[in-house]
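Reading through the structure tokens given below for one structure.
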Amino acid sequence: MTDGTIITLLSIGVTILFMLGVPVFLVIGTWVIGMSFVLELPLDNVGAALSDVFTDGFALLAMPLFILTGDLINRSGIARRLSDYAYACLGWIRGGLAMASLGACGLFAAISGSNSATTATIGSMLHPEMVKGGYDERFSAATAAAGGTVGIIIPPSIIFIVYGFLLNLPISDLFVAGIIPGSLMVLGMMVACFIVCYMNGWGYIINLDIVRVLKTGLGAWLGFFAIGLVLWGIYTGKFSPTEAAGVTVGFCVFVGFICLAITKIVSVKDPTFADREQKPVDERSFGGMLVVGGFGPIELPSITMRSAQITGILAPLIAVSVVMQQILSVLGAQAFLTELVTSMGGYYAVLFTAMIIVFISGMVLESLPVTIILAPILAPIAHDVGVEPVQFAVIFLVGASIGFITPPYGLNLYVASGVTGVPYFRLLRYTWPYLIALISIWIIVALTPVLSTALLPEL
């Protein structure tokens, strides 16, 4: 049997494993080890890649810290407070609760840096409220999935950390560059959400109450402080992204302990839905300043363990994906892809060809392997035709984020299905308005470099 036949059979085999639901790490790891034997490459490459990820990448230390931050802000009650504030601001608009869930996703993403954590947290909190509020359960779940896409664009972003590590770009610059595009993604999805809700008459409407807006805004000040702390520290250069992650974790731990103490003192009562124009949805749903949550020292190890488990999945995946990229280079895939993209012509042809490749890859792979495999290939090509590296990073990752709600993979769709109980395939009907909105914003970001570089004085 020739090497070509073995490679083909091995690739088909791992593709079948992927379609059967085998974890991506095992799929890529199986292919990498199998290809190492076929090409007679030393298995030391895998061990060296694992060692580099865990010991040599200072920037990657921010990844587990921001994952932990996402869990801490959820358990501390900060996520609930941000959701309360978003609903108080938007509840007077048709579809306001759905739009508030998208806004809450943006606020949560500005602290956690994770798409799946954003979808899981906001989906588990607001999906029941949306269903009780007159929204279709499929649309409610699809909204949570779509809102999670900004988790890797609005800083801090775990995937921006990986991208900067691979391409040797300043992670702080990447964080800042994602602010405007990420905000536009949220606004674009809100517009799509409003149109769908208006056409279907979904959602009860509450009166716009400035007092409630101020009250919930004051109640959410801890969340705003955490967001401002991260962005201020990185933008001013007071600390690196890794240091910012450590500071944020410390702040969230402190807040969790304080919130637990307040919870034991303050009685929880909820007036938020009291003045709906139609019947109240749930008197217990939102509590403004009074729903505080919190956690104690006994719970902290279990929260940390959960975050460590997620890190234990992502870090090895980075390592085997690096080796996979090396093997693809040996096979000539990198040269083939480079020739394909450069043969398209000038600036816009190369840029949109790269975007199409990212979009198609995002349909079948998670953003992490897409980034590790394709970014080192496509970024130099884009740079050669005049695309600024930071701008291309934003374009690349906005495209990768759209893959979170693009079948057949669509990681956020699986996460939303898991936390809401709505079957995966029933979500697909209501993802297309959000896909149209996100793709439109993606094209605008690609055609308008200033959206990515405006907040970077040196560019």
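The values are calculated or read from the model by the stated rules, or taken from the named source; none is laboratory data. As the structure is a prediction and not an experimental result, all values here were calculated from the model. Quick reminder, even Gly has a Cβ in these numbers, built from the backbone with ideal geometry, and neighbours come from all protein chains shown.
With respect to being touching a residue at least 40 places away in the same chain (Cβ under 8 Å) and under 14 Å from the mean Cα position of the chain (by Cα), Ser401 fits the description. Number of residues in the range 20-37 that are among the aliphatic types (A, V, I, L, M) and free of Cβ contacts under 8 Å to residues at least 40 places away in the same chain equals 5. Applying the selection to the range 38-48, what residues are free of Cβ contacts under 8 Å to residues at least 60 places away in the same chain, in a helix (DSSP H, G or I) and surrounded by 12 or more Cβ atoms within 10 Å (Cβ to Cβ)? Matches in the range 38-48: Val38, Gly47, Ala48. Set side by side, the residues Ile360, Ile405, Ile356 differ, and just one is buried (at least 20 other Cβ atoms within 10 Å of the Cβ) and not hydroxyl-bearing (Ser, Thr, Tyr), which is Ile405. Out of Ile205, Ile210, Ile154, one residue alone is among the β-branched types (Val, Ile, Thr) and crowded, with 23+ Cβ neighbours inside 10 Å. It is Ile154.
Listed here are the residues, each with its yes/no results for (1) at pLDDT 95 or above; (2) farther than 21 Å from Cys193 by Cβ.
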| site | (1), (2) |
| --- | --- |
| Ser401 | no, no |
| Phe404 | no, no |
| Asn412 | no, no |
| Val422 | no, no |
| Leu438 | yes, no |
| Thr453 | no, yes |
| Leu456 | no, yes |
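Within the range 66-85, the set of residues being over 16 Å from Gly223 (Cβ atoms) and modelled with pLDDT of 75 or more comprises just one member, Leu68. Here Met63 clears all of (1) at pLDDT below 85; (2) on the phi > 0 side of the Ramachandran plot except the condition numbered (2). Restricting the search to helices (runs of 4 or more DSSP H) fully inside the range 72-172 and requiring at least 3 residues that are touching a Pro at 6+ places or on another chain (Cβ under 7 Å) and within 30 Å of Pro380 (Cβ to Cβ) gives 158-167. Would you check if Phe396 is modelled with pLDDT of 95 or more and not small (Gly, Ala, Ser)? It is true that Phe396 is modelled with pLDDT of 95 or more and not small (Gly, Ala, Ser). Of everything in the range 420-438 that's among the aliphatic types (A, V, I, L, M) and under 23 Å from Met185 (Cα atoms), which residue is surrounded by the most Cβ atoms within 10 Å (Cβ to Cβ)? Among residues in the range 420-438 that are among the aliphatic types (A, V, I, L, M) and under 23 Å from Met185 (Cα atoms), the one surrounded by the most Cβ atoms within 10 Å (Cβ to Cβ) is Leu427.
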